[in-house]
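Since the structure comes first, as structure tokens, the remarks are kept for the end.
The values are calculated or read from the model by the stated rules, or taken from the named source; none is laboratory data. Bear in mind the structure is a predicted one, so any value in this text is a computation, not a measurement. Ideal geometry is used to build each Cβ from the backbone, glycine not excepted, and the neighbour counts take in all protein chains shown.
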Amino acid sequence: MAATEPELRVPIAGLLGWLLPGAGHLFIGDRARGIIFITAIAVTFWGGVAIGGVKGTVDPGKRKLWFLGQICAGSHALAALAWSNHIPGPPQDDPSSLIAYNRAEEISVVYTAICGMLNILVIFDVLVRAEKGPAVTAQRGPPGKARGAST
């Protein structure tokens, strides 16, 4: 990150943060935070998909507003949408072949949309951290001690 110009570092970190939540933090060198975000958002998003099924969870046709939240999760939503498009829908003449039972599909939609909205906060966080640049700790001494003072 230090070799990247600040004018490029901020948009690259933001774009990476959208494509894979947490990747922007890895780009700026904040590994622990990046790994936490990658794991938390991926597990929650795909856990939501597992609850309700991929066919009914990410559906921009039936749930336009929810999809706006889901697409903020970046590659997770794009992968789920692509997967959903390759799965055939239930037969029209068989009412017993439902995609999800009871409220499971609604819960899955909420989980995945919350992941997208959480990623908006993660993107804002990485944008602020990328703008500040690497912390300069070498210039600071221990707390309460003036720089250049000897013991």
Filter result (in contact (Cβ under 8 Å) with a residue 12 or more places away in the chain and among the β-branched types (Val, Ile, Thr)) within the range 1-46: Val10, Ile12, Ile28, Ile35, Ile36, Ile38, Thr39, Ile41, Thr44
Residues located in the range 64-74, provided they are crowded, with 17+ Cβ neighbours inside 10 Å and part of a helix (DSSP H, G or I): Trp66, Phe67, Gly69, Gln70, Ile71, Cys72, Ala73
Criterion: outside any helix (DSSP H, G or I) and small (Gly, Ala, Ser) - qualifying residue of Gly48, Gly24, Gly34, Gly61: Gly61
Residue that is among the hydrophobic types (A, V, I, L, M, F, W, C), within 22 Å of Met117 (Cα to Cα), touching a Leu at 6+ places or on another chain (Cβ under 9 Å) and at pLDDT 95 or above, where the choices are Phe67, Phe37: Phe37
Boolean, Leu98 is modelled with pLDDT of 90 or more and not hydroxyl-bearing (Ser, Thr, Tyr): no
